[in-house]
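Participant: Below are the structure tokens for one structure; questions will follow.
Each value in this text was obtained by applying a stated rule to the coordinates, not by laboratory testing. Just so you know, these numbers come straight off a predicted model, no measurement behind them. For neighbour counting, all protein chains shown are included, and Cβ atoms are generated from backbone atoms with ideal geometry for every residue, glycine included.
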Amino acid sequence: MPNLPAFIAWGLLTTFVIAKGWLPNEILGGFGNADLPGSWQGAATALAMAKDGTTFHQYLGLVGPMIIYLLPLLIANQGGRIVYGERGGVVASIATMGVIVGSTIPMFLGAMIVGPLAAWLMKKIDSIWDGKIKPGFEMLVNMYSAGILGLGLAILAFFGVAPFVTNVSSWLGSAVQSLADAHLLPLMSIIVEPAKVLFLNNAIGNGTLVPLGIQQSVETGQSLLFLVEANPGPGFGLLLAYMLFGIGTARASAPGAIIIQFFGGIHEVYFPFVLMKPILITGLILGGATGVATNSIFGSGLRAPAAPGSILAVLAQTPRGSFVGVILSVVLSAAVTFFVSAALLRLSRKRDLAAEEDGLAAAIAQTEANKGKSSAALGALAGGHAGADLGAPVHTIIFACDAGMGSSAMGASVLRAKLKKAGVEDVVVVNKAVAHLTDEAEIVITQRELTDRARHSAPSAEHRTVDNFMNSPVYDEVVAEVVARRQREGADT
């Protein structure tokens, strides 16, 4: 996720400067990319027939080196840092060069595998002589151990991992192509849409569909796989149905959620609306399948990932000739989801209205009934921590999500505004990835699926759980608690 700006930059570059782009530029696009954006197979052979004095990278322009080297190395470095900090990132980058050079395709999948693995091996090797190195030799051992391991892994990746991952990528590409040939690509929505609601959207999108989509984009100039998970249409249709036919807090929250989801691209805001009434996943699946089918029929797609999944990002990555198909895929998927969701909401409206006296508690009870088990997190959403003991004054609050970007940034912004309105301006509210949490904050706020991980990373902090990013009572409870602790401190002094 933190590296998606680089993908966006590459996508915008290809949209404009390649031969099929809006402003073709031979210098930036590379005259070796006249037909395919980022194509580099057989570049050395073609270079022999190129203009006199042309260098390899002039042949490739800026498009080729970015997709060959920059993007995989960024992925590897990030994976290494997550596993073993800066040291892990460096070793991961060295090792990943082997899989990059040893392959005939851009190595996103290889970087995802080799990068974290290399960092993990470095961590294990360091643990062997931890505390056993004689004073004065620490730097020598640390530098050479990382260099030797990185070099060894790069060679191993060149001869062993690169061919394997190339074959795996080829197999996955063939599987997708087989679905396309059989006109079965819309069936992917049966897996993708429920996985998104279970907060597996980053794993599905960036871990699977984006690498495959990049490979297709390199070969054909675009890919519809970029819109399987990122299409904002189904979420928009669901929220619109809630806005017109929902009740209570859900109906009141839907308009604001539409703006954040459709234009801001933060799809997580509609997940709680599905969890409150899981049958609505039917509308999302049918809407998502409609979007995939539309792009398949029109042969449309995006140049690069639409990140975040905003309509603005989608249009920015749409190549010439695909605007009709892409726009229709969003509109039709939204329409199908809206009509199906509206019908389902209307069918259950009387029952929902009868239970409205319990407000949010009724929605939580319905969610637990559909899940078949109770949930402590949902119980916290109803009762929260209103009766929590007042402790020491709060100085730092961290809002953590899976990637440390979209939903956590939005939650931190909402909470920051509420604190300011309450007259509290010296409490630091930041957003982080849950993997990067430390024990520095008094209060940590997470989505319910991530609370256990957050407790493990920050055991001393007080943990709060939210489901509805737009209108969670937890925000007000935290503000009230911060103010109450301040007042208590003032009374004590």
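Participant: Gain in length, Val430 to Leu312, computed as 0.36 nm per residue apart minus the alpha-carbon separation, to one decimal in nm?
Facilitator: This chain segment gains 39.9 nm when fully extended.
Participant: Roughly what would the spin-label model give for Asp130 and Ala417, points 7 Å off Cα along C-beta, in nm?
Facilitator: 4.4 nm
Participant: Order these by the 10 Å Cβ neighbour count, fewest first: Trp129, Trp120. Numbers along the way, then the final one.
Facilitator: Numbers: Trp129 12, Trp120 17.
Sorted ascending by nearby Cβ count, the order is Trp129, Trp120.
Participant: Could I ask something else about it? Can you run phi through the Karplus equation (6.51, -1.76, 1.60; θ = phi - 60°) for segment 127-132 and list ³J(HN,Hα) in whole Hz, with x for Gly and Pro?
Facilitator: Couplings: 5, 5, 10, 4, x, 10 Hz.
Participant: A further question on this structure: May I ask you to sort Arg486, Arg320 by Cβ crowding, counting other Cβ atoms within 10 Å and putting the fewest first?
Facilitator: Working: Arg486 18, Arg320 11.
By the 10 Å Cβ count, ascending: Arg320, Arg486.
Participant: Follow-up. Do the alpha carbons of any pairs in Lys196/Lys350; Lys20/Lys432; Lys196/Lys421; Lys123/Lys432; Lys277/Lys432; Lys350/Lys420 sit beyond 32 Å of each other, and which pairs?
Facilitator: Values: Lys196/Lys350 29 Å; Lys20/Lys432 39 Å; Lys196/Lys421 34 Å; Lys123/Lys432 23 Å; Lys277/Lys432 29 Å; Lys350/Lys420 40 Å.
From the list (Lys196/Lys350; Lys20/Lys432; Lys196/Lys421; Lys123/Lys432; Lys277/Lys432; Lys350/Lys420), the Cα-Cα distance tops 32 Å for Lys20/Lys432; Lys196/Lys421; Lys350/Lys420.
Participant: If amide hydrogens are placed 1.01 Å from N in the peptide plane, which non-local residues have theirs closer than 5 Å to the one on Ile397?
Facilitator: Val428, Val429, Val430
Participant: Separate question: Can you list the residues, at least 5 places off or on another chain, whose amide H is less than 5 Å from the amide H of His463, using H built in the peptide plane?
Facilitator: Val444
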